[in-house]
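The values are calculated or read from the model by the stated rules, or taken from the named source; none is laboratory data. The structure displayed is predicted, hence computed values, not measured ones. Cβ: placed from backbone, ideal geometry, glycine included. Neighbour counts: every protein chain shown.
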Amino acid sequence: MDFDYRKLKGKIKEIFDTQDAFAKALGISNVTLSAKLNNKTEFSQKEIDKASDLLNIEKEEIPNYFFTKQEAEF
């Protein structure tokens with residue numbers, strides 16, 4: 001199942017300006033972050049928790065950023 005990370009990408013741009021700066025703050029490489037945002041690998045629970053802290057995402061808003069299913073394209 002693929003997730004739609006457009007809202008998360010927007011929040012990263014808003015707070016950190018670049019994905020590279022966010023990846024460094026999160027403690028992962030830019031390549032690893034890119035793989036996660038492109039549904040090649042999954043975010044761990046610890047990464048989601050740390051990312052939500054870094055991006056000032058309220059706990060009840062986490063599903064909107066990390067678990068929105070990507071709509072099927074036909």
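On the given criteria, is LYS40 of a type in the set (Lys, Arg) and part of a helix (DSSP H, G or I)? So that I can check it myself, show each step before the final result.
On the way: of a type in the set (Lys, Arg): yes; part of a helix (DSSP H, G or I): no.
No.
Go over the candidates GLU61, GLU14, GLU47 one by one and state the one that is in contact with a Gly (Cβ under 9 Å, 6 or more places away or on another chain) and outside any loop (DSSP other than H, G, I, E, B). Steps first, please.
Values: GLU61 fails: in contact with a Gly (Cβ under 9 Å, 6 or more places away or on another chain); GLU14 fails: in contact with a Gly (Cβ under 9 Å, 6 or more places away or on another chain).
Selected residue: GLU47, the only one of GLU61, GLU14, GLU47 that is in contact with a Gly (Cβ under 9 Å, 6 or more places away or on another chain) and outside any loop (DSSP other than H, G, I, E, B).
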Residue in segment 25-63 that is farthest from LYS11 (Cα to Cα), counting only those that are surrounded by 14 or more Cβ atoms within 10 Å (Cβ to Cβ) and among the polar types (S, T, N, Q): THR32
Number of positions in segment 26-59 that are under 21 Å from ASP2 (Cβ atoms) and either among the charged types (D, E, K, R) or modelled with pLDDT under 95 (or both): 4
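Mind listing whichever residues of segment 64-74 are exposed (fewer than 11 other Cβ atoms within 10 Å of the Cβ) and closer than 15 Å to ARG6 by Cβ?
As a first pass, look at segment 64-74 and keep what is exposed (fewer than 11 other Cβ atoms within 10 Å of the Cβ): 69, 71-74.
Passing the criteria: LYS69, GLU71, GLU73.
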Subset of segment 1-11 (residues that are assigned to a helix (DSSP H, G or I) and exposed (fewer than 13 other Cβ atoms within 10 Å of the Cβ)): ARG6, GLY10
